[in-house]
Amino acid sequence: MTYDTLLVTVADKVATVTLNRPDLRNAFNEGAIAELARVFDELGCDDAVRAIVLAANGPSFCAGADLNWMKKMAGYSHDENEADAMRLAAMLRTIYLCPKPVVARVQGDCYAGGMGLVAACDIVVASETAGFCLSEVKLGLIPATISPYVIKAMGEQAARRYFLTAERFDAAEAQRIGVAHTVVAPEALDATVAGIVKALVNNSPHAVRQAKTLVREIVGQPVDDALLRDTAGRIAAIRASTEGREGVASFLEKRKPTWIN
């Protein structure tokens, strides 16, 4: 399938989705949002894919909203603006809920809505030269649609600062506050992403999917009897699963599990 704003490749169980509007700093428009939602929905259902890398061409990762799209939005009614924002919200949720692990490869600046993209991913690897900014208030706006993901990533205290000041911060600060997991030199970016992806595809696909769901559904829950029953039920179910049985058997028999080939 061809895309106007993306490049999509699949090799060795890994899909790479590359934002491909480098001349516009990979900014969003309606087309980019629709294509991202569609490709993550399709890849999430593709049994040949075990991990997804979200990357970008050009010097910038994503600059947020496309200026021409913003000009068009300026003339929208409240209902039109709400419908437009819901399309962006739905796209981010599709990435966040994707059953496959998603690794963001951030090679350059990541602003506004671009930070929502990164925060919706599971693992973030950034070049030490990348910059980050929640710039919305400079334009009289707020980072509302991306806020559920960005606040989860950076926490409430950091969000209080960066939502309000619109300061640019570097990759080291992004790592310190939790937006980026790993920060490396530009020349080490591909090797670092490849190492993480290799670890992902060598693990049980079913267990990885369930582990991703586990984090999302357990976080913030009180440690009460209901949670104990829930977690005990989850481990009991996966122990009895086909991959659970195979994983334990392969470990005891000192051989590779069948999902590694």
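Out of T129, T145, which single residue is closer than 28 Å to A185 by Cβ and either among the aromatic types (F, W, Y) or in a loop (DSSP other than H, G, I, E, B) (or both)?
Just one listed residue meets the conditions, T129.
Go through (1) within 24 Å of V125 (Cβ to Cβ); (2) out of contact with any Cys (no Cβ under 9 Å at 6 or more places or on another chain) for N26 and report which single condition fails.
Against the list (1) within 24 Å of V125 (Cβ to Cβ); (2) out of contact with any Cys (no Cβ under 9 Å at 6 or more places or on another chain), N26 comes up short only on (2).
So if I check each of L7, L43, L54, which one is open to solvent by 70 Å² or more (accessible area, probe 1.4 Å), in contact with a strand residue (DSSP E or B) (Cβ under 7 Å, 6 or more places away or on another chain), on the phi < 0 side of the Ramachandran plot and not in a loop (DSSP other than H, G, I, E, B)?
Checking each option against the conditions leaves just L7.
Is it fair to say D84 is surrounded by 15 or more Cβ atoms within 10 Å (Cβ to Cβ) and more than 23 Å from I177 (Cβ to Cβ)? Write out each step before concluding.
Details: surrounded by 15 or more Cβ atoms within 10 Å (Cβ to Cβ): yes; more than 23 Å from I177 (Cβ to Cβ): yes.
Considered against the rule, which asks whether it is surrounded by 15 or more Cβ atoms within 10 Å (Cβ to Cβ) and more than 23 Å from I177 (Cβ to Cβ), D84 comes out as yes.
Tell me, please, whether a residue that is under 16 Å from A120 (Cβ atoms), among the polar types (S, T, N, Q) and in contact with a Ser or Thr (Cβ under 8 Å, 6 or more places away or on another chain) can be found in segment 52-69.
No - not one qualifying residue is present in segment 52-69.
Being in contact with a helix residue (DSSP H, G or I) (Cβ under 7 Å, 6 or more places away or on another chain), open to solvent by 30 Å² or more (accessible area, probe 1.4 Å) and over 23 Å from G220 (Cβ atoms) is true for just one of T192, T182, T165. Which residue is that? Spell out the reasoning first.
Details: T192 fails: in contact with a helix residue (DSSP H, G or I) (Cβ under 7 Å, 6 or more places away or on another chain); T165 fails: in contact with a helix residue (DSSP H, G or I) (Cβ under 7 Å, 6 or more places away or on another chain).
T182 is the lone residue from the list that is in contact with a helix residue (DSSP H, G or I) (Cβ under 7 Å, 6 or more places away or on another chain), open to solvent by 30 Å² or more (accessible area, probe 1.4 Å) and over 23 Å from G220 (Cβ atoms).
In this structure, does T94 turn out to be at negative phi, part of a strand (DSSP E or B), open to solvent by less than 60 Å² (accessible area, probe 1.4 Å) and polar (S, T, N, Q)? Before the answer, list the steps.
Numbers: at negative phi: yes; part of a strand (DSSP E or B): no; open to solvent by less than 60 Å² (accessible area, probe 1.4 Å): yes; polar (S, T, N, Q): yes.
Considered against the rule, which asks whether it is at negative phi, part of a strand (DSSP E or B), open to solvent by less than 60 Å² (accessible area, probe 1.4 Å) and polar (S, T, N, Q), T94 comes out as no.
Quick check on my filter: what residues within segment 164-207 are of a type in the set (A, V, I, L, M, F, W, C) and touching an Asp or Glu at 6+ places or on another chain (Cβ under 8 Å)?
Of everything in segment 164-207, those that are of a type in the set (A, V, I, L, M, F, W, C) and touching an Asp or Glu at 6+ places or on another chain (Cβ under 8 Å) turn out to be A166, A171, A172, V183, V184, A185, V201, A207.
Do we have any residue at all in segment 99-114 that's in contact with a Lys or Arg (Cβ under 9 Å, 6 or more places away or on another chain), surrounded by fewer than 21 Cβ atoms within 10 Å (Cβ to Cβ) and either of a type in the set (S, T, N, Q) or outside any strand (DSSP E or B) (or both)?
yes
Considering only residues that are touching a helix residue (DSSP H, G or I) at 6+ places or on another chain (Cβ under 7 Å) and not basic (K, R), which ones fall in segment 1-17?
Y3, D4, T5, L6, V8, V14, A15, V17
From the set of residues in segment 127-142 that are open to solvent by less than 10 Å² (accessible area, probe 1.4 Å) and without any contact (Cβ under 8 Å) to a residue 60 or more places away in the chain, which is farthest from T192 (Cα to Cα)?
Here the answer is L134.
Please specify each residue of segment 206-261 satisfying the condition of being open to solvent by 70 Å² or more (accessible area, probe 1.4 Å), outside any helix (DSSP H, G or I) and over 17 Å from A51 (Cβ atoms).
V219, G220, Q221, P222, V223, E253, K254, R255, K256, T258, listed by residue number.
Is it the case that segment 61-74 has a residue that's modelled with pLDDT of 95 or more and open to solvent by less than 20 Å² (accessible area, probe 1.4 Å)?
Within segment 61-74, one or more residues are modelled with pLDDT of 95 or more and open to solvent by less than 20 Å² (accessible area, probe 1.4 Å).
The values are calculated or read from the model by the stated rules, or taken from the named source; none is laboratory data. Computed from a predicted structure; not experimentally measured. Note: ideal-geometry Cβ built from the backbone for every residue, glycine included; neighbour counts use all protein chains shown. Note: areas computed on protein heavy atoms with side chains; ligands, DNA, RNA excluded. Shrake-Rupley method; radii C 1.70, N 1.55, O 1.52, S 1.80 Å.
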